[in-house]
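What follows is a set of notes on a single structure, which appears directly below.
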Amino acid sequence: MKKFLMIAAMMLMSMGAFAQGQFAIGLDGDLAFKSGNTRFGAGVKFQYEFVEDFRAEANFKYYPKKDFNTSWNANLNLEYLIPVMEGFNVYPIVGAGMFGMSWDYSDFHTSYFEADSESTTAFVFHGGAGAEYFVSENIKLYLDFIYQYGKKDGVAMVDNPLLSVGVAYAF
């Protein structure tokens with residue numbers, strides 16, 4: 001009986017600890033740039049502060065068709081919040097994820113390409129920094145800058161900086 005009460009008490013305490021974290025969900029505009037190949041896209045992110053000043057983030061970014069290809073990026077990040085002043089934080093970002101790209105040559109009428117379409121994915125690592133400013137108790141603006149890198153079959157598939165600007169709702 002004592003063990004049961006101890007387990008129940010620990011479960012209740014862990015639920016209380018879980019409820020203390022802050023969640024946020026946001027939308028952003030993205031710019032992936034590399035010499036000669038700048039891409040504009042859009043993204044969505046979900047953040048959870050699991051320990052004071054540490055948070056985990058999951059995000060997804062989509063880049064529409066340009067030069068016969070579309071791409072996407074799904075990442076998991078860890079961030080450490082450094083308060084600079086009331087309502088303003090900066091943070092380093094480290095993470096990993098998947099990058100996917102697909103090509104559609106169906107509009108390009110030539111026998112040069114072996115197939116009308118193809119796609120590939122790669123595992124990516126990235127690091128960078130960000131800043132956020134709370135314009136109200138629940139609304140924040142953010143700016144993230146990361147550098148991402150990923151190889152597939154020994155060839156660098158992703159090797160570029162990425163800038164994200166967005167707004168998030170924290171609850």
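The values are calculated or read from the model by the stated rules, or taken from the named source; none is laboratory data. Predicted model, so just to flag it, every value in this text is computed and none were measured. Because the Cβ atoms are built from the backbone with ideal geometry, glycine has one as well, and the counts that use them run over all protein chains shown. For accessibility, only protein heavy atoms count, side chains too; no ligands or nucleic acids. Shrake-Rupley method; radii C 1.70, N 1.55, O 1.52, S 1.80 Å.
Observations
- One residue stands out among those in region 99-151 that are acidic (Asp, Glu) and either open to solvent by 50 Å² or more (accessible area, probe 1.4 Å) or within 24 Å of residue 34 (Cα to Cα) (or both): the one that is modelled with the highest pLDDT, which is 144.
- Residue within region 29-52 that is over 18 Å from the mean Cα position of the chain (by Cα), modelled with pLDDT under 95, surrounded by fewer than 15 Cβ atoms within 10 Å (Cβ to Cβ) and part of a strand (DSSP E or B) present: yes
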